[in-house]
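Worksheet: the structure to be examined is printed underneath.
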Amino acid sequence: MKRVSALQFVALGIIWGSSYPLIKVSGEGLNPGQLVLARLLLGAVVLIGIGALTGARLPRFGFVWVHITVTTILGMVAPFLLLAWGEQHTSAAMAGVLTGATPLLTLALATVQLRSERATVRRSAGLALGFTGIIVVIAPWNGATGTVGGQLACLAVAGIYAGHAVFVRKFLSDRGIAPMSSASAQILVALVIQAALLPFLGWRTPSFTWSVSLSIVLLGVFGTGLAYVLYNRLIADIGATGASSVNYLVPFISLVISAVFLGETISWNVPVGGVVIVASILVGENQLRLPRLGRGPVVSGPEPRFATVVEAVEAEPAGRAGRTP
């Protein structure tokens, strides 16, 4: 992973990890439908403003907007609704573990759909290790697991997020749609869909305290606007599987931030799981050596029969838009 991609990866993990505590505070003044609409509206304003300053334009009207609509449903609308329902019927810990399967499911789907992202020994080992870290961090054994229906809904969210990452790579990034244009178009479509759904999601008189207002602004500007630019950039630069592995950092960062700012307690499993997660990312991105069985010295670099996702991306023609130089 290049340095700029690594910085974007960590930044996205911090932003999305911060989103869960911010959602909790924002929920004190808005219901879920109002909250989603507010953060989408602020995110759209931020992206349109950045686009105006940088000269980025929305994609031309055409069939590409069908792809954008599908991407929006997969990345925002469907998972938001499923999680809202699923977490009413299962524990938050179990929901976190099940949605944490996103990178593994992304790897499986990308192997079938994307030529540049084959399942490698190193990447598979890294993702499996990361999923183990997720389980250690969240510790689902500490509480009730809920109903099968709720668990299936959360697992479906992981599958939908996997489909979203692969769909963005295949139909937007790999077809020359720049990350800024892609993120702006997606959030505008999501805003229209959410506004249409709002009358069916109930109403509550908003309560805008200072903490609620600040949380909503941070969610809109960073957690929705800038975050989706970073995510689409990462998908273009390091692939769908590599970008989706940021979901391993999110629960760990969320728990740490909640402990620091909301006074929630953390136990031994959080730092231990965090170490496992960081190690999994280093292994998956070819930054740590894996032990080899048999004779002969350990040789650094790519394995003879496999290529990492990053190497596969860098081997693609340089003329495609959406790549960093």
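Annotations for the structure displayed:
- Once backbone amide H atoms are built at 1.01 Å from N, Thr90 has Thr147 as its partners under 5 Å, excluding neighbours fewer than 5 places away on the same chain.
- Footprinting exposure proxy for Arg39, Arg3 (fewest neighbouring C-beta atoms within 10 Å first): Arg3, Arg39
- Local charge for Leu30 was computed over the other residues whose Cβ lies under 10 Å away, with Lys and Arg +1 and Asp and Glu -1, and equals +1.
- Largest-first ellipsoid semi-axes for region 36-181, taking √(5λ) over the Cα gyration tensor eigenvalues, angstrom: 30, 21, 14
- The dipole here belongs to region 1-135: it is taken about the Cα centre, uses +1 on the Cβ of Lys and Arg and -1 on the Cβ of Asp and Glu, and is about 600 debye.
- Under a 5 Å amide H cut-off, with hydrogens placed 1.01 Å from N, Arg57 pairs with nothing among residues at least 5 apart or on other chains.
- Estimated vicinal HN-Hα couplings, Hz - region 148-156 in sequence order (Karplus 6.51, -1.76, 1.60; Gly, Pro = x): 5, x, x, 5, 5, 5, 5, 5, 5
Just so you know, all these numbers are worked out from the coordinates, no wet-lab data involved. As the structure is a prediction and not an experimental result, all values here were calculated from the model. FYI the Cβ positions are ideal-geometry reconstructions off the backbone, even for glycines, and counts take in every protein chain you see.
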